[in-house]
Amino acid sequence: MRLMVTGGAGFIGSNLIHYMMKKHPEYELVNVDVLTYAGNLHNLKSVEGDDRYTFLHGDIRDRAKLEPICREGVDAIVHLAAESHVDRSIEEPDIFVQTNVVGTQILLDLARQYNVSRFVHVSTDEVYGTLGSTGLFTENTPLAPNSPYSASKAGSDLMVRAYGETFGMHVNITRCSNNYGPYQFPEKLIPLMIQHAMQDLPLPVYGDGLNVRDWLYVEDHCCAIDLVLHGGAKGEVYNVGGRNERNNLQVVRTILDELGKPDSLIQFVEDRLGHDRRYAIDADKLRSTLGWEPKHDYESGIRETIRWYLSNPEWLASIKSGEYRRYNQSHEQDGG
Ligand code: NAD
Ligand code: DAU
């Protein structure tokens, strides 16, 4: 199997590459990533030089750049490349439409032209919008995105669906809840709060801190993607989530407790515009049809994650100093 992973230098993409190389040692992996601020080749240092792994520095919107690899033959694409941060989408929606919608359409077109057998689109539960205090998102929940980010992901989901329906391609969509774990860019809640707590900086909690997210350890998401890639029924959507609902204050307090820091570091700040109140996922379809079971419970997963950031201070430091961008640049020409 020759597998193309887009966005492999990001948080979930790099975890997925490590996961797939362990799980399927016979696979060849091609990582296509343009290395935005969120792409970090430090995440993949341990596989650099492995014959089974190739890095292609390219934009998913750059058809000419991706064509040679497709011409050589690609069996499947797992598509993660995206602009992924809600706050940035409020500041600068344009690039979200460009990357997430236009980029996905160009990739689909390439997959169609070069007869790629499987296309797994990694989407998000945010396309369903927000929940009240009860209920869960199922695959039949209507799409009702509330941020430019989630709207652009919903747009890409519809494009994937359309290519499946119109051209008969074997496409799947996964919609996962919030991930946490190693290599997450410190703009997202958990690594940001860990970084601030480690430095005794204020922890900025939006609004009343009672917004709820359904947290999943990233490796369990990778396992779900692997199952969908190999067993997903043509055209189907699969929700992914472990029923670990926590409000943001609970998450932040766990981090402070684990680091032995005082609650007084918490600073309530202005709320995010259009802030979704609650996400919670019904993943029964994935469990019952593909046998998925998360291996990590939230309590141990979050502690393991905090310990990972504590034991890898140089990873956070290289982002803060910008060193990771210099490292990326040194790999852009030689293919990493
Ligand atoms: P991330 O921001 O950490 O990584 C995104 C990667 O995509 C980066 O390496 C970046 O360089 C690359 N990229 C961006 N634009 C590109 C382009 N035009 N061409 C090629 N590469 C490009 O994101 P993440 O958190 O790892 O999320 C990965 C995917 O999973 C996204 O599609 C996101 O919507 C989805 N998702 C994320 C979560 C989560 O909790 N993080 C949950 C569900 C779904
Ligand atoms: O649900 C899946 C989604 O989860 C993914 O599709 C997105 O790519 C990913 O970024 C994530 O989106 P969220 O907006 O839920 O994640 P974020 O880490 O930005 O925020 C989590 C919660 O914490 C949210 O309620 C906002 C809040 N928050 C976030 C930050 C960065 C704060 O209170 N303070 C902060 O500084």
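The values are calculated or read from the model by the stated rules, or taken from the named source; none is laboratory data. Just so it is clear, the structure is predicted and the values come from calculations on it, not from any experiment. What goes into the accessible areas is simple: the full protein's heavy atoms, side chains included, and nothing from ligands, DNA or RNA. Shrake-Rupley method; radii C 1.70, N 1.55, O 1.52, S 1.80 Å.
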Enter the accessible area of Met169 (Å², nearest 10), with the probe set to 1.4 Å and all protein chains included. 20
D (µm²/s, integer) via Stokes-Einstein for segment 126-234, Kirkwood Rh across alpha-carbon pairs, 10 °C, 1.306 mPa s: value 97
Convert each backbone phi in segment 287-301 into a coupling constant with the Karplus relation 6.51 cos²θ - 1.76 cosθ + 1.60 (shift: θ = phi - 60°), then list the ³J(HN,Hα) values in order as whole Hz, x for Gly and Pro. 5, 7, 8, 10, x, 6, 9, x, 9, 10, 7, 4, 4, 7, x
Most mobile of Ser288, Ser150, Ser318 per a Gaussian network model of the chain (Cα springs, under 10 Å)? Ser288
The chain: calculated mean residue ellipticity at 222 nm from DSSP helix runs of at least 4, using -39500 (n - 2.57): -12500 deg cm²/dmol
Taking the chain as a Gaussian network, where each spring joins two C-alpha atoms under 10 Å apart, which residue of Gln98, Gln199, Gln184 fluctuates the most? Gln199
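Tell me, what % of the accessible area of the chain is carbon and sulfur with a 1.4 angstrom probe? Don't jump to the answer; show the numbers that get you there.
Details: 6710 of 13570 Å².
Whole-percent figure for carbon plus sulfur exposure: 49.
Using a 1.4 angstrom probe, figure out how much accessible area the chain has per residue, in square angstrom, rounded to the nearest whole. Intermediate results must be reported in sequence, preceding the final value.
Values: 13570 Å² over 336 residues.
Spelled out: the 1.4 Å probe surface of the chain, per residue, equals 40 Å².
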Distance in Å, no decimals, from the C-alpha centre of segment 199-223 to the one of segment 34-57 is 26
Accessible heavy-atom area order of Phe11, Phe119, Phe167, highest first, probe of 1.4 Å: Phe167, Phe11, Phe119
Rounded to whole angstroms and listed largest first, the alpha-carbon spread of the chain along its three principal axes comes to 57, 45, 37
Quick one: accessible surface of Arg161, probe radius 1.4 Å, all protein chains present, in square angstrom to the nearest 10. 140
Need the list of lysines near Lys65 for cross-linking: C-alpha distance under 26 angstrom, and skip anything on the same chain fewer than eight residues off. Lys45, Lys153
Taking a ≥ b ≥ c as the square roots of the eigenvalues of the Cα gyration tensor, with a/c under 1.5 meaning rounded and otherwise prolate when a/b exceeds b/c and oblate if not, segment 236-336 is oblate
Judged on accessible area alone, 1.4 Å probe, highest first, Tyr279, Tyr114 line up as Tyr114, Tyr279
In a Gaussian network model of the chain with springs linking alpha carbons closer than 10 Å, the residue among Gly274, Gly301, Gly129 that fluctuates most is Gly274
